[in-house]
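The values are calculated or read from the model by the stated rules, or taken from the named source; none is laboratory data. Just so we're clear, the structure is a prediction, and the values are computed from it rather than from any experiment. Here the Cβ positions follow ideal geometry from the backbone for every residue, glycine too, while neighbour counts run over all protein chains shown. Keep in mind that these areas ignore ligands, DNA and RNA; they rest on the heavy atoms of the full protein, side chains included. Shrake-Rupley method; radii C 1.70, N 1.55, O 1.52, S 1.80 Å.
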Amino acid sequence: EDKVVQSPLSLVVHEGDTVTLNCSYEVTNFRSLLWYKQEKKAPTFLFMLTSSGIEKKSGRLSSILDKKELFSILNITATQTGDSAVYLCAVESNTGNQFYFGTGTSLTVIP
Amino acid sequence: ETGVTQSPTHLIKTRGQQVTLRCSSQSGHNTVSWYQQALGQGPQFIFQYYREEENGRGNFPPRFSGLQFPNYSSELNVNALELDDSALYLCASSPQGWRREAQYFGPGTRLLVL
């Protein structure tokens, strides 16, 4: 059965801390892995990863994919209260053009 | 460039009724996917439409059906509503082509079935 597992389920950190969010997957015919940030309703796109070992970076956020070990990490450095959200990992499969989402990691950044 | 829009924002229905949710894709995007997100869960893939045809389907019963129109907007129809259908319904659009592109989500429709 195809699945995406995120850990930890929730995390509480202080402003300025660095966090690492994990996403492991077992998906047939992997096409891409995506990270989203969900605050109230619409998930907003962060990164799309298709190749192993190539870090994608946007400001304080970065992500990398390991297709051999079937996982990805999302790093957030110097966290701010505005980073508080649920972070979702999704894997796209070539089989049936399906997307599989994890349950998300709820991040709370306290001042 | 306009983003993905959905209507209505909220909806209350009773068991057994039917509902239609609407989505307008982002300008230039020809592929639309629909997701159901229950409280505290990740989105579950319902189906995807590309050029007016269903292009992929998740593990949802046939009472979940959809349409895509020539302007790439889309509808999700759910018949014989059940209490467990209460959820946030998200629509996402992307361009389909040789280059992989991410999906961009609309704000969602929150459906409550009583």
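The residues of segment A:49-103 that are closer than 30 Å to residue B:54 by Cα and of a type in the set (Lys, Arg) amount to a single one, A:67.
Reported count of residues in segment A:1-15, each being open to solvent by 60 Å² or more (accessible area, probe 1.4 Å) and under 24 Å from residue A:111 (Cα atoms), is 5.
Filter segment A:52-75 for residues that are away from chain B (no Cβ under 14 Å) and crowded, with 21+ Cβ neighbours inside 10 Å; which is nearest to the chain's Cα centre (by Cα)? Here the answer is A:74.
Could you tell me which of the residues A:108, A:18, A:79, A:28 is open to solvent by less than 10 Å² (accessible area, probe 1.4 Å), over 14 Å from the mean Cα position of the chain (by Cα) and away from chain B (no Cβ under 11 Å)? The unique qualifying residue is A:79. Residue A:47 meets the conditions (1) over 10 Å from the mean Cα position of the chain (by Cα); (2) closer than 23 Å to residue B:104 by Cβ in every case but one. The failed one is (1).
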